[in-house]
Amino acid sequence: MAIHVDRENRVFTIHTAHSTYQFMAGPYGFLLHLYYGKRIDHQSLEYLIQRKDWASFSSNPGDAGGDRTFSLDTLPLEYPTAGTGDCRISAAAALDEDGAAALDPRYKDFEIRRGKYALPGLPALYEAEPGEAETLAVVLEDPVSRLELELLYGVFAEKDIITRAVVFTNRSGKNLRLTRALSAGVDFLYGDFDLVHFHGRHMMERQIARVPAAPGIQTVSSARGTSSHQHNPGVILCEKDAGEDYGDCYGFNLVYSGSFAAQVEQDQTGQTRLVMGVDYGGFTFLLAGGERFTTPELVMCHSGGGFAALSHRYHRIYRHNLCRGDWKLARRPVLINNWEATYFRFDGPKLIQIAEAAAGLGLDLLVMDDGWFGARDDDNRGLGDWFPNEEKLGMSLGTLVEEVNKRGLKFGIWFEPEMVNEESGLYRAHPDWVLRLPGRDPVRGRGQLALDMSRQDTRDYLFERISAVLDSARVEYVKWDMNRSLSDWYSPLLPADRQGELPHRYVLGLYDLLERLTRKYPRVLFEGCSGGGGRFDPGMLFYHPQIWCSDNTDAIDRLKIQYGTSFFYPVSAVGSHVSVVPNHGTGRTTPLATRCIAAMAGTFGFEMDLTRMDDAERAEAARWTAEFKKYQPLIHGGAYYRLLSPFERRGAPGNAGVTAWEFVSPDKTQALLCAAAGEIRANPLNIHIRLKGLDENRLYRLGEALYTGAALMYGGFALPGFRGDYPARVFFFEGA
Ligand code: GLA
């Protein structure tokens, strides 16, 4: 049993294959957190809590009477709430009808359910095989306000994953207002942690930062209405000495695509608290009698063996228990996207020429990017008018798709459904459908406004219009883009006291539309995008099994972006393309092989004018496409190892800017080692790389040479010398 309850002592223990999580209903019904870490038995760890009088400034709840040793300000709590005497960061806060700010939930009951809970209207992990998950539901209630909290724990024992979410239900007849409702909190009674997080900007997403969890509060957050380029909703707490292969680390990844916060507080007693969930300035949610609020899900994982094991667990659960649809585990098409090839300047014949060239390289699908609809010849107009511009294309969409199909390629199309330009038929017809503050000039981003996705009428329009396009021709792929930070949070359909719900309602509306469309078109491959990787999060992966990782297609920058992305997200989710040199973003010139090798750590595809390649380039691109297709099951289905980081020069003596990574097949019979050099020096030092994840006793063949797994993992591999600008190589080891 993954969930063990000691009813007498009210201790709840959750076991996964390698971890244990424990809490208890303590004195007066307060939930105390006891443990999260390496697997132990179900002994209660209550003994670790040493209560004492912390002197006057850590106050005591009324129930404790004269007992000054019982303070919620110093105890490790399972789900900390505001207004109870705990002055640290809280996970939830509420206002009573009279405006009193207190949320004092006490333990009432629990239930163990077979299977994994679902969260209506929200993306969440699901059971891929019956019986692989269990749910623990613990019910608390504030006896005064009658606000009920159902703490949900989803347990994928064999996969070492525990999920959290909370359902708030107003059991009183009065209005209550949530002012904070995060998905979870975890208190660590002691320990010296680092916080690892992934920050960045447009074209440079998910750069890794590792900082000490110092006294005070540290926040990683987005208030942009999207999960954002700037901070990914995935953070890791780890021991000081944790690395790829060693040490305790804890992952927290929010299944949500809107504004969020992860906060880490090291308190006066040396405890460390992490809370995470939906967060933005002005968040409120009004609950009339009987109404509910459900938080998004937080996916937690503990690894006692460093970051590599942590990443493998996230990759596995996301591939199998988060992504859905026909394309989830299927071999993804290798695509050619026309954006960097033509930008807005294209017509049907040009796309057909590109398709023809793509067919010659062995590609599978052509994506017609931005510019095919309305009066969209630049980025100031047309968004919202999802009608093919037949005049520009020189043909109907149906004819274009047929012509592309005739050349042996499937056809895909770009949409940016959530957005509208003021210069568009949609805006002229429905100016009230946008997010806009009354009486104020709108804030524009890329010259565009955002539609109010909380509105059913707006969503219905989008559903019908997108369906009409998808029904009008054989469209087999959709790129779902979103190109601005959101602002102007006001919806005329919501009363004044519900405007604070809008950023969350926007995300719920988006999910509703995505659910309807992906259900209606199960055979269409959806790829997410937000100016590249501005919404690269597990919420989106529930609807789109792949996401365009970054608008930055420079192979060398991509090493960093993809390295950071790999901590939580599987390689099969990472949209990555080969583009032209000099690169449009950086001006850098890298060899075609290096660009191909970088793109192979993802879905692989091209985003350049293939008609302009010379014969040698064409032959090389075709070779790499064939290589990728050969290795695709290994790359997407295998275990991904980070060997040498592009962010640091450690890991191998002489590592002069070499990044290395490796894919190992599940049965360990194949391994693909990839290495790329960000800089080259004369008279270079030798570089040795230790492979990972192999079978010690197996023989592996590389060309003529034979190595044992043990030799490659513990002795290592000697990289042949690198010369020239930004070289890269792959080495395929096959079990002999
Ligand atoms: C965003 C996307 C790009 C491209 C353009 C089109 O920037 O990330 O890939 O689709 O929009 O306008």
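Taken together, the values in this text are just the output of simple stated rules run on the coordinates, not laboratory data. Predicted model, so just to flag it, every value in this text is computed and none were measured. Reconstructed Cβ throughout: ideal geometry from the backbone, glycine too, with neighbour counts over all protein chains shown.
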TODO: Output the Kirkwood hydrodynamic radius of the stretch 640-735, Cα pairs only, in Å rounded to one decimal.
DONE: 13.5
Open item on the list: Strictly over 25 Å apart at the Cα level, which of 159/692; 159/520; 479/520; 410/629; 116/692 would you flag in this model?
Closed with: 159/520; 116/692
Task: Contact order relative to length of the stretch 640-735, as percent, for alpha carbon pairs under 8 angstrom and 6 or more apart - done: 29
TODO: Taking 7 Å along the Cα-to-C-beta vector as the label spot, tell me the residue 343-residue 472 distance in nanometres, rounded to one decimal.
DONE: 2.6
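Could you give the size of the charge dipole of the stretch 640-735 about its Cα centre, using +1 on the Cβ of each K and R and -1 on the Cβ of each D and E, expressed in debye and rounded to the nearest 20?
Values: 11 positive and 9 negative charges, 45 e Å.
The dipole of the stretch 640-735 has a size of about 220 debye.
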TODO: Set Lys and Arg Cβ to +1 and Asp and Glu Cβ to -1, take the dipole of the stretch 3-321 about its Cα centre, and tell me which of 77, 16, 258 lies farthest positive.
DONE: 258
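Nearest 5 percent is fine: what portion of the DSSP beta bridges confined to the stretch 335-637 is antiparallel? Could the numbers behind the result be given before it?
Numbers: 5 of 30 bridges.
In the stretch 335-637, approximately 15 percent of DSSP beta bridges are antiparallel ones.
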Task: Burial order of peptide ranges 56-69, 555-568, 427-440 (average beta-carbon count within 10 Å, highest first) - done: 555-568, 427-440, 56-69
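Take the alpha carbon gyration tensor of the stretch 3-321, find the square roots of its eigenvalues, order them as a ≥ b ≥ c, and report rounded if a/c is under 1.5; if not, report prolate when a/b exceeds b/c, else oblate.
Numbers: a/c = 1.28, a/b = 1.21, b/c = 1.06.
Rounded.
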Task: Among 570-576, 662-668, the order from most to least packed when residues are scored by Cβ within 10 Å on average - done: 570-576, 662-668
- [ ] Treating the angle as unsigned and between 0 and 90°, give the value, to the nearest 10°, between the Cα long axis of helix 397-406 and the longest Cα principal axis of the chain.
- [x] 70
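Over all directions, the average projected area of the alpha-carbon convex hull for the chain comes to how many nm²? If you can, show how the numbers build up before the last one.
Working: hull surface 130.5 nm².
Hull-based average projected area comes out at 32.6 nm².
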TODO: Count the net charge of all other residues whose Cβ sits under 9 Å from the Cβ of residue 139, scoring Lys and Arg as +1 and Asp and Glu as -1.
DONE: -4
- [ ] Please work through the chain and write down the cysteines that have no neighbouring cysteine Cβ at a distance under 4.7 Å.
- [x] 87, 301, 323, 529, 549, 596, 674
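How high is the relative contact order of the stretch 535-592, in percent, counting Cα pairs under 8 Å that sit 6 or more residues apart? Write out the running numbers ahead of the final one.
Values: 49 pairs, mean separation 21.3, N = 58.
Once normalised by length, the contact order is 37 percent.
Among 413-424, 10-21, what's the highest-first ranking by average C-beta atoms within 10 angstrom per residue? Don't skip to the end; give the middle numbers.
Numbers: 413-424: 23.2, 10-21: 21.1.
Top of the packing list down: 413-424, 10-21.
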Task: Charge-dipole axis of the chain as Lys and Arg at +1 and Asp and Glu at -1 on Cβ define it, positive-most pick from 727, 277, 553 - done: 727
TODO: Mind computing the radius of gyration and Dmax over the alpha-carbon atoms of the stretch 394-546? Å is fine for both.
DONE: 16.5, 57
TODO: Choose one of 669, 401, 567: the residue whose Cα lies farthest towards the positive end of the charge dipole of the chain (beta-carbon charges +1 Lys, Arg; -1 Asp, Glu; about the Cα centre).
DONE: 669
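Over the chain, what is the mean sequence separation of C-alpha contacts under 8 Å (at least six apart), divided by residue count, expressed as relative contact order in percent? Mind dumping the intermediate values first?
Working: 1852 pairs, mean separation 71.0, N = 736.
About 10 percent, as a whole number.
Restricting to DSSP H runs of at least four residues, report the calculated mean residue ellipticity at 222 nm for the chain, -39500 (n - 2.57) per run over all residues, nearest 500 deg cm²/dmol.
After summing the helix terms and dividing by residue count, I get -5500 deg cm²/dmol.
For the stretch 335-637, what does the alpha-carbon gyration tensor say about shape, rounded, prolate or oblate, given a ≥ b ≥ c as the root eigenvalues, a/c under 1.5 as rounded, and a/b over b/c as prolate? Kindly include the intermediate steps, with their values, before the conclusion.
On the way: a/c = 1.90, a/b = 1.52, b/c = 1.25.
Prolate.
In the stretch 297-438, what % of DSSP beta bridges are antiparallel (nearest 5)?
10
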